[in-house]
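Novice: First the structure, then my questions, so here it is.
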Amino acid sequence: MTRPPLPLPPLRRPRSADLTATFAGLPLPRDSNLPPYRRRELTLLVYAGVLATSALAALTLADVGQLSLGVLTIGLGFFCLWAMAHIAVRRFAPAADPVLLPVVVALNGLGLVMIYRLDLARSEAAKQAGKHIPPSAAQVQLVWTLLAMIVFVLVLALVRDHRKLARYAYTAGLAGIVGLMLPIVPGIGTSINGARLWLRVGPFSFQPSEVSKILILIFFAAYLVNKRDVLTYGSPTLLGLKIPHARTLGPLLVAWLASLGILVVQNDLGSSLLFFGMFLVVLYVATERVSWILSGLGLFVAGAVLAYPLFGHVQVRVDGWLHAFDGDNPSSTSYQLVQGLYGFAAGGISGTGLGQGHPQKVPFANTDFIMASLGEELGLTGVMAILTMYALLVLRGMRAALGAKDAFGKLLATGLSFTLGLQVFVQVGGVMRLIPLTGLTLPFVSYGGSSIVANAAIIALLLRVSDSARRAPEPPSDAPLFDPGAVSESPTQVVKTT
Amino acid sequence: MNRPARRVAVVCMVLFAALLVNANWLQVGQAGSLKTQPTNGRQITERLERERGSIVAGDVEIARSVPSSDQYKYQRQYPGGALYSDVTGYYTLFTAAGLERSQDVFLSGDDDRLLASRVTGLFTNQQRRGGTVITSLVPAVQQAAAQALGNRRGAVVALDPKTGAVLAMVTSPTYDANSLASHTEKAATDAYGVLSSDKSQPLLNRATQQTYPPGSTFKLITAAAALAAGRHPDDRIAAPNELKLPLSTVTLPNFDGETCGDGQTDTLIHALAISCNTAFGQLGIDLGDDALRSQAEAFGFNTTFPDLPLPQARSVFPSDLDGAQTAQSAIGQYNVRVTPLQMAEVVATIANDGTEMKPYLVSELRGPDKRTISRTSPKELGKPVSGDVAAELTTMMESVVTSGTGRKAQIDGVTVAGKTGTAEHGTGVAPHAWFVGFAPADNPKVAVAVIVEDGGGEVGTGGAIAAPVAKQVMQAALDRP
């Protein structure tokens, strides 16, 4: 490629600004230093690659007792795969946060090794029982990882300015809701483990709500940027709190109904919780009104009280959580949870070591309960490291939000980071019996294509916001980001579609 | 909008902090209680997959783990079959017994003393391996004891009187621990079901867990109390043909209505040699139950031996006895109960100049790297009788074997000291046949206690039935290099 580097506005920090501005494009001149952000990212990426390769080496050592060159080849391949993402960041978001991508790669590497480790256990068990050896989940996940990387690059390449996304707010919102509805369409939708939230095409199943999450957030952020003033000001006061007008309560009610709808239609408690939390936080950040949070929580409690007697599914989860070890529960309703806890306990502080525990004893060990698998084999040390990596991811995302110079970017980045954090909390908290168990996946780690693809897109968007945040302010554009006129009638329309 | 965004960030960090605290609580605080939950099958599986340490007797592995091709990586084997099962115990999918149970922490590799090898294992990514438990058992003696006892019910315990080392511990009927170590759940459960419901109690270690009336072997303790009270072996004591028991219409006869001495009195040494009931009954009355009890307790009655890695029953000398009960207790009847191990300790103490050594079964612990981690050093439990009394008792016990009831225990070229016992235990059943003793009398190398329950089905004395067993065990022990 001999295309000239893209014209970039100067960075705020002079030194890095020069380097980044000069060498943002490809190929890099031979006699130059790399831009510090990206050089840091590359260094961290090497760490992440080494981490994944060491994990695979430890596993191989435990499994066959010796190491082969193959381990290094696979590790190198994995690194190269994500190095392409790094090159894309270099090309399309040179000023972006250098920590996000390496953390994602480290998590993804650990997840892949654990999924592969569980494959080994499964094929071993099948061999013992004389059964057909099941197909490798790790291979499928590797394909998904490749796809996720491609989506990551595409998002970075296509969304050159995140503000432009606001223009597609309604399209995104509509697409998101259609995505949520898709699994209930007969013929395409599949029910897996009692929750109807999957699309199945051949051997690949896809959970569209993961993508819908992003699309609906884009809509919501754009909508709120325009409606902020109405929602923030001119509210009657009650007991010192500003109570929103009934009319402006609309979006919140929509969010609430959508969350309940997910629960009703898809029987998915986790996604429902995630959507509602996301709506609430974005609303709060947009309006700076604590009253939204309070009324939102009120609605949540009302919804919970309403839903609890109606949904046997929810009751079973709550009972399995509160009375995990009572009566017959350990062998029936709380079986998975309790087995997962036993896994954590078996791991202790230092863990059994990769390939040396029995994570396969826990049902859904490579999806919902992958944290228990990691907790068993990597121990508390590994769990804390993984949680810290997620916390880092969320914090870096929040930092991008704080730095963003536009309201939409702020809302988008806050929403994305918070959703990521909330998903980890709900997921890991459920598996660790901090809160009732819900069916969510652990971002980047769990086996499951939609999850990793959607989360890769989230990271790409965060990098995009971060990239623009780290650049010097641009002169304000004349064109309105979003046509307010189009929005004023919109809430009713949205209600209709749901 | 930055203020609320910052707050949201803080909320996120609070959520992560909650997760981190919860992880610590779960994996450190709760781990112990979670591991012992009845529905947690991991512990056993995990251990079955480890290379468990061996249990060794002499140069023979009596329990070992060999690689297996089934779902667990190692199969527990007991190469000695039934010969050592009572000592090794078993290690099944569900439970463990014997040394397998008491030494589990070491055998499984969890012992803190194995920390060093665990740490190296952590870096070489090696599975945790267990340490080796070396027992004090001598295969030749164990073999001889099992052969001599045959399939009669009973028990044999052989001790090194100078150290307290258990040289042989055989109990019959027994079982083959291999049958319980099956990795097939059903096979293991079935085998256990059959053994545990068997009326002959093959899973019971009769040497340590079962108590019997000691019969005339208890006369050693009565004699010890008498000698300690100032009597001499040659003193003449009352030995009527029938002893009228105080405050009772019951009389105490001699075995088979025999006459001791001149029918009125007998020397203490002769009374022991021919196991005269009336003489010892009267002696017991004269000494009083307190003197008998304190002598018995000095030998270890009414308590158990410390640190023995096998389950024990305590030998009992009852309290609050009247005259008749004291007379009966003095000849090892009434409610006196002993374990074969206790009787072996009594004779071992006499053999060891009155010093009682703590019995031990585990002589050494070795790490997976064969390095010695600990070695048992012999320990004195106490001195129940003085050296003089022990010497006098030895002389008296020699006469039992040379000219008394224990002649069948004689070994060519070796002076054997011993005492027979024929313990009544209810009507209509043959009495238990006992023999306790040691050899050589002048420099004891082995002390032994033998009980054949119900005389092995034939009506006979300890001298006829148990003494030959003891002889073979002592011979095997004396032949050992």
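Residues checked against (1) acidic (Asp, Glu); (2) modelled with pLDDT under 90:
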| residue | (1), (2) |
| --- | --- |
| B:VAL316 | no, no |
| B:ASP320 | yes, yes |
| B:ALA351 | no, no |
| B:GLY354 | no, no |
| B:TYR360 | no, no |
| B:GLU364 | yes, no |
| B:LEU381 | no, no |
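Novice: Then there is this: When the residues of segment A:126-157 are narrowed to those that are surrounded by fewer than 13 Cβ atoms within 10 Å (Cβ to Cβ) and within 14 Å of chain B (Cβ to nearest Cβ), which ends up nearest to A:HIS86 (Cα to Cα)?
Specialist: Across segment A:126-157, the extreme among qualifying residues is A:LYS127.
Novice: Which one is farthest from the other protein chains (Cβ to nearest Cβ), of the residues in segment B:30-44 that are in a loop (DSSP other than H, G, I, E, B) and of a type in the set (S, T, N, Q)? Walk me through how you get there before you give the answer.
Specialist: Here is the first cut: in segment B:30-44, the residues in a loop (DSSP other than H, G, I, E, B) are B:30, B:36-41.
This time we only want the ones that are of a type in the set (S, T, N, Q), so: B:30, B:36-37, B:39-40.
Values: B:GLN30: 7, B:THR36: 10, B:GLN37: 7, B:THR39: 4, B:ASN40: 5 Å.
Among them, the one singled out is B:THR36.
Novice: Taking the condition assigned to a helix (DSSP H, G or I) and either more than 11 Å from chain A (Cβ to nearest Cβ) or over 18 Å from B:ALA188 (Cβ atoms) (or both), does B:ARG101 pass? So that I can check it myself, show each step before the final result.
Specialist: Numbers: assigned to a helix (DSSP H, G or I): yes; either more than 11 Å from chain A (Cβ to nearest Cβ) or over 18 Å from B:ALA188 (Cβ atoms) (or both): yes.
Yes; evaluated as a whole, the condition is true for this residue.
Novice: Restricted to segment B:201-251, and to residues that are farther than 16 Å from B:ASN277 by Cβ and among the hydroxyl-bearing types (Ser, Thr, Tyr), which residue is surrounded by the most Cβ atoms within 10 Å (Cβ to Cβ)?
Specialist: Among them, the one singled out is B:THR208.
Novice: Select from segment B:159-178 the residues that are part of a strand (DSSP E or B) and over 18 Å from B:ASP307 (Cα atoms) and list them in ascending order. Even if it seems obvious, please write down each step before you answer.
Specialist: Taking segment B:159-178 first, the residues part of a strand (DSSP E or B) are B:159, B:165-172.
Within segment B:159-178, B:VAL170, B:THR171, B:SER172 qualify.
Novice: Let me ask another. Given the structure, is A:MET398 over 14 Å from A:VAL113 (Cβ atoms), facing chain B (nearest Cβ under 9 Å) and surrounded by fewer than 20 Cβ atoms within 10 Å (Cβ to Cβ)?
Specialist: Working: over 14 Å from A:VAL113 (Cβ atoms): yes; facing chain B (nearest Cβ under 9 Å): yes; surrounded by fewer than 20 Cβ atoms within 10 Å (Cβ to Cβ): no.
So A:MET398 fails the test.
Novice: I'm told A:TRP321 meets every condition in (1) surrounded by 20 or more Cβ atoms within 10 Å (Cβ to Cβ); (2) touching a residue at least 24 places away in the same chain (Cβ under 8 Å); (3) out of contact with any Phe, Trp or Tyr (no Cβ under 7 Å at 6 or more places or on another chain); (4) not in a loop (DSSP other than H, G, I, E, B) except one. Can you identify the failing condition by its number?
Specialist: A:TRP321 satisfies all of (1) surrounded by 20 or more Cβ atoms within 10 Å (Cβ to Cβ); (2) touching a residue at least 24 places away in the same chain (Cβ under 8 Å); (3) out of contact with any Phe, Trp or Tyr (no Cβ under 7 Å at 6 or more places or on another chain); (4) not in a loop (DSSP other than H, G, I, E, B) except (1).
Novice: Can A:LEU283 be described as of a type outside the set (Val, Ile, Thr), more than 24 Å from B:LEU19 (Cβ to Cβ), in contact with a helix residue (DSSP H, G or I) (Cβ under 7 Å, 6 or more places away or on another chain) and within 13 Å of another protein chain (Cβ to nearest Cβ)? Outline the logic, then answer.
Specialist: Working: of a type outside the set (Val, Ile, Thr): yes; more than 24 Å from B:LEU19 (Cβ to Cβ): yes; in contact with a helix residue (DSSP H, G or I) (Cβ under 7 Å, 6 or more places away or on another chain): yes; within 13 Å of another protein chain (Cβ to nearest Cβ): yes.
Answer is yes for this residue.
Novice: Let me ask something additional. Would you be able to say whether some residue in segment A:387-394 is within 7 Å of another protein chain (Cβ to nearest Cβ), assigned to a helix (DSSP H, G or I) and more than 16 Å from the chain's Cα centre (by Cα)?
Specialist: Checked segment A:387-394: no residue is within 7 Å of another protein chain (Cβ to nearest Cβ), assigned to a helix (DSSP H, G or I) and more than 16 Å from the chain's Cα centre (by Cα).
Novice: What number of residues in segment A:361-381 are of a type outside the set (A, V, I, L, M), more than 10 Å from chain B (Cβ to nearest Cβ) and assigned to a helix (DSSP H, G or I)?
Specialist: Here is the first cut: in segment A:361-381, the ones of a type outside the set (A, V, I, L, M) are A:361, A:363-364, A:366-369, A:373, A:375-377, A:379, A:381.
Checking which are more than 10 Å from chain B (Cβ to nearest Cβ) leaves us with A:363-364, A:366-369, A:373, A:377.
If we keep only those that are assigned to a helix (DSSP H, G or I) too, we end up with A:373, A:377.
Total satisfying the criteria: 2.
Novice: Same structure again: With the condition kept exactly as written, say whether any residue in segment B:417-427 is at pLDDT 90 or above and surrounded by fewer than 24 Cβ atoms within 10 Å (Cβ to Cβ).
Specialist: No, that holds for no residue.
Novice: Okay, next question. Kindly check whether there is at least one residue in segment B:3-26 that is within 8 Å of another protein chain (Cβ to nearest Cβ) and outside any helix (DSSP H, G or I).
Specialist: No; the residues of segment B:3-26 include none that is within 8 Å of another protein chain (Cβ to nearest Cβ) and outside any helix (DSSP H, G or I).
Novice: A further question follows. Could you list, in sequence order, the residues of segment A:82-106 that are part of a helix (DSSP H, G or I) and of a type in the set (Gly, Ala, Ser)?
Specialist: The initial filter retains those residues of segment A:82-106 that are part of a helix (DSSP H, G or I), namely A:82-92, A:100-106.
The answer is A:ALA83, A:ALA85, A:ALA88, A:ALA106.
Novice: Separate question: Among the residues of segment B:350-389, count how many are among the basic types (Lys, Arg), in contact with a Lys or Arg (Cβ under 9 Å, 6 or more places away or on another chain) and in a strand (DSSP E or B). Give the steps one after another, and end with the answer.
Specialist: First pass over segment B:350-389, keeping only residues among the basic types (Lys, Arg): B:358, B:366, B:370-371, B:375, B:379, B:383.
Restricting the remaining residues to those that are in contact with a Lys or Arg (Cβ under 9 Å, 6 or more places away or on another chain) gives B:358, B:379.
Restricting the remaining residues to those that are in a strand (DSSP E or B) gives none.
The number of residues fulfilling the criteria is 0.
Novice: Could I ask something else about it? For segment B:206-307, give me every one of the helices (runs of 4 or more DSSP H) that falls completely inside it and has 2 or more residues that are under 20 Å from B:GLY323 (Cβ atoms) and modelled with pLDDT under 90.
Specialist: Values: elements: B:206-209, B:219-228, B:268-273, B:277-287, B:289-299.
Where helices (runs of 4 or more DSSP H) fall fully within segment B:206-307 and carry at least 2 residues being under 20 Å from B:GLY323 (Cβ atoms) and modelled with pLDDT under 90, they are B:277-287.
Novice: For the condition touching a Leu at 6+ places or on another chain (Cβ under 7 Å) and either assigned to a helix (DSSP H, G or I) or aromatic (Phe, Trp, Tyr) (or both), what is the one hit in A:PHE300, A:PHE344? If you could, list the steps in order and put the result at the bottom.
Specialist: Values: A:PHE300 fails: touching a Leu at 6+ places or on another chain (Cβ under 7 Å).
Exactly one residue qualifies, and that residue is A:PHE344.
Novice: Follow-up. Only residues that are in contact (Cβ under 8 Å) with a residue 24 or more places away in the chain, over 12 Å from B:GLY130 (Cα atoms) and within 11 Å of chain A (Cβ to nearest Cβ): list them for segment B:48-78, please.
Specialist: B:ASP70, B:GLN71, B:TYR72, B:LYS73
Novice: Restricting to segment A:46-81, what's the tally of residues that are part of a helix (DSSP H, G or I), without any contact (Cβ under 8 Å) to a residue 60 or more places away in the chain and more than 14 Å from every other protein chain (Cβ to nearest Cβ)?
Specialist: 16
Novice: Within segment A:347-360, take every residue that is within 7 Å of chain B (Cβ to nearest Cβ) and either modelled with pLDDT under 85 or not in a helix (DSSP H, G or I) (or both) and give me the one that is surrounded by the fewest Cβ atoms within 10 Å (Cβ to Cβ). Working first, answer last.
Specialist: Restricting attention to segment A:347-360, the residues satisfying the condition of being within 7 Å of chain B (Cβ to nearest Cβ) are A:347-349, A:353, A:356, A:358.
Filter once more, so that each one left must be either modelled with pLDDT under 85 or not in a helix (DSSP H, G or I) (or both): A:348-349, A:353, A:356, A:358.
Values: A:GLY348: 18, A:ILE349: 12, A:GLY353: 22, A:GLN356: 22, A:HIS358: 21.
The qualifying residue surrounded by the fewest Cβ atoms within 10 Å (Cβ to Cβ) is A:ILE349.
Novice: List, please: which pairs have Cβ atoms under 6 Å, are six or more places apart or on different chains, and start with a residue in segment B:91-102 that is surrounded by fewer than 19 Cβ atoms within 10 Å (Cβ to Cβ) and at pLDDT 80 or above and end with one that is part of a loop (DSSP other than H, G, I, E, B) and of a type outside the set (Val, Ile, Thr)?
Specialist: B:ARG101/B:GLY89
The values are calculated or read from the model by the stated rules, or taken from the named source; none is laboratory data. Being a predicted model, the structure only gives us computed values, none of them experimental. Because the Cβ atoms are built from the backbone with ideal geometry, glycine has one as well, and the counts that use them run over all protein chains shown.
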